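What follows is a short report on a single structure.
Derivation of every value follows stated rules applied to the coordinates shown; laboratory data play no part. Small disclaimer: the values here were computed from a predicted structure and weren't measured. Using ideal geometry, Cβ is built from the backbone for each residue, glycine included, and neighbour counts are taken over all protein chains shown.
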Amino acid sequence: HLCRRRKNEEDSGKVRDTNGTCSEIDAVVNSIPVTDVLHLLTSEGRKEMIDKLVTFDVQSRRQLMTAIVHRKVEATLGDLSTSNKREDNASCSDDAEGDPFGNDAERIICVVSVIGFHVLQLRFQAMSTKEMLMLAQRSWLRHCVWESALAYLLWDCVLVLEKKKCYGLAVTVLETILIGYTDVLDRNESESRQVSDSTFASFIRCLVSRRVRGKAFERLVIDQGHIERTAAKIEGSSKNYKATSRVADGSSKKKSKDGGKDASAEWTIVQKRCLDVIYREGRECSIPFSTIRTLARRLKVPLKETISGIENAEMNILMIRSEDDDSASVSSRSGDSKSDKSSARSSYSEWTPKTDYSVANSIINEDKDGVGKRCAYVGWEDEDDSERMARTRSMNVEELALEEYAAGRLPIQDEEYCDSQSANVKGGWVGWHDEGGHVRALFRILCAPSIFGIDPCDGQSVEQHTIFLAPYQGAPLDLHVGFQGPSSSSGAETGLPRGFFERRRARIDRLLGELDSSTPQDICDRVYDAIFERVRAVRDAGTIGMKDALLLRDLGEIRTLSFIAAGLGGKMLATIFRCLCFDYRHYAGGLPDLLLLRAVFDDDNQEERLVDLGTWVGEAFSAAEVQKGQVVELCRILADRDDEYLGCSKVGETGAVSSQRWRQSVRRQKHDDAAQRGEECFASSDDFPQRLLLSCNDRPIKAECMFVEVKSANDRLDARQEDWLNILDGVGNARVCKFTNQKKSGKKKGEKDSGTAPAGTTK
């Protein structure tokens, strides 16, 4: 965790001390007591570990293979020390020993990574076609496969190697898990088995998840850039530096539209590698589109031009746009001059989300370093309520945004907003900082009965015992296998290794089609019926005493979930569920911070009015749980739902521990309240909640929904968040709320005074 925090700070350019390091974190890391139990810091200990790891080879060759791998490991560690000395001399470092590591924990991790990638390369050469196809055809069992577990271990080691500036070793490790082996061990032809390139490529793409593979390519390009800059510094000129990476750039040629000249002639080596990864991996859809966008930014040309020759399934199926919808009209209005075209192609451009700006100065704690700290703000609460002031002394940026939208100061009501929402009603938005928790809950409720199981008629029932290993697992294992469309080069050999989306394509399209054509009331009823059927099944099975925490919570929020589903609408629900089916591991995260809702109706004068949610919906909106007028407290009725991640944790691939445990007690209390209501309803059939009807006093009610991603002044969107906003904006209302700092030094030269106080300004 400390290494990841340190690396994030370095990448974001945060404040460091005079030596360029985060001394506070280094002091903590270096004080960790470590015992080298396996003696990996000695040559004999490393040889013994290698001997245990190469047991997969035949016994007669085991001793030989151990000696060969041990020799390679020792040579790699020696080269690491030599290269570090050379880099230290170039940077005038005082480290004369060439040891970049500060403690034995980091040294052991380095040794594990060196042993790991050498053993993994040996394993690649020893595997048969049958062994590779076992993983390629059942990617959902990757965590049960020895090679995949070792690949994940190497991925975790990369963070430490990058932190200590061992970029050469980090590149080698990344290329091993992304591309495969490079050098060939001497073996007798009679003992070797030939594996086709297509089979090996399919096997390599299944070692780690699609999301990790994309992030690994991003780190690979960054580390290769570090190596090139270091080599240029040592040699004194970057023109004479020759790349030695195994990432080929043969497909990185791109013709310009102006005169047929090679547009990549002036690109750097790193840019050519980025384009090669975009073309090669983008066609296979083996990395997320967010990675393609991240790499494309380095090319300094519009995204649409970069991907013009790529048929990317993710972009086409999920309807991700590469440019703003009005970019064509803007271009035509500008005159389309030749200079304008060349200027547009010389800089990066892509689709941009709608953004609401507000001014708010965060509370600065002068006695602490602000690096990595969340911003805190003072809101608009009533100063006369001293008890409430003490309870809400400060709020984070999401809570401040909730207050802004509830009071009607945001959003900016432009023409597009007025077309999609009730323009005559300002404010009244209530909701949750759940980061998609309720959306994932609706995905589980509505999709589990239809698409999570296996249809015996589709010829896949033979996989039932590998997809469902235990009766108590929360989701089918292949849910976490991202899109793997049939490849023309490997389809015949690998038996079309398909992910969750392709394996269940017919049922997914059928369900999403039904949702897309449903009315808001139909969607409310569908949510209600799905939960009621689960309750009835439990009662019929006589397992009432066995508590299902998710079922009790759903029952306690059944009307709230129906309200959310109606506000989202069938089209947006279908779009969101398609993304989750396409690659759940990737798209389960990155959803906008806030889910905001409100309901309006027409009064006797045909004027739009807000609906009292406490009276209409009840549950957490009722007056018994939320005092009238306390907007901030209303916005906190439900907390983040980490356990809504089906079959995985929120924080990542390898079971890392969340650093925000201080929120768990509050989150658990909110969930317990909903579960308690559900348990009371479950015990008595007479108290079962009524259906939510989209009418009040015989007047139709319109439920409205809005997604908001909140950013403070020192924060920015990542590529996955941009993808979600891109997708959601195409079918509904999704926007960014950006808080900027108020100018404190007076007006700049030529700046006019607005004459009004900006919204959200701190007191």
Check: Taking a spot 7 Å from the Cα of A149 along the direction of its beta carbon, which residues of the stretch 115-143 have an amide N less than 14 Å from it?
Finding: 141-143
Next item on the list: Arrange the peptides 498-511, 726-739 so that the one whose residues have, on average, the most other Cβ atoms within 10 Å appears first.
Entry: 726-739, 498-511
Next item on the list: Obtain the nm distance between the two label points defined at D197 and E266 by a simple spin-label model: each point lies 7 Å from its Cα along the Cα-to-C-beta direction.
Entry: 3.3 nm
Check: Given R₀ = 45 Å, FRET efficiency for L64-A541 by Cβ-Cβ distance, to 0.05?
Finding: 0.15
Next item on the list: Once you've got the Cα coordinates, tell me which of K72/K130; K163/K215; K47/K72; K233/K300; K300/K354 are over 20 Å apart.
Entry: K72/K130; K233/K300; K300/K354
Checklist line | Packing rank of 164-172, 687-695, 424-432, where each peptide gets the mean count of other beta carbons within 10 Å, highest leading | finding: 164-172, 424-432, 687-695
Note to self: Run the numbers for R510 and I234: contour at 0.36 nm per residue of separation, minus the present Cα-Cα distance, in nm.
What the structure shows: 93.3 nm
Notebook entry, point to check: In nanometres, what is the gap between the two model label sites at K300 and K571, each 7 Å from Cα along Cα-to-Cβ?
Noted result: 4.1 nm
Next item on the list: Would you mind computing, in nm to one decimal, how far apart the modelled labels at L693 and R71 are, each placed 7 Å from Cα along Cα→Cβ?
Entry: 8.4 nm
Next item on the list: For a quick protection proxy, order the peptides 707-715, 596-604, 469-477 by their average other-Cβ count within 10 Å, most packed first.
Entry: 707-715, 596-604, 469-477
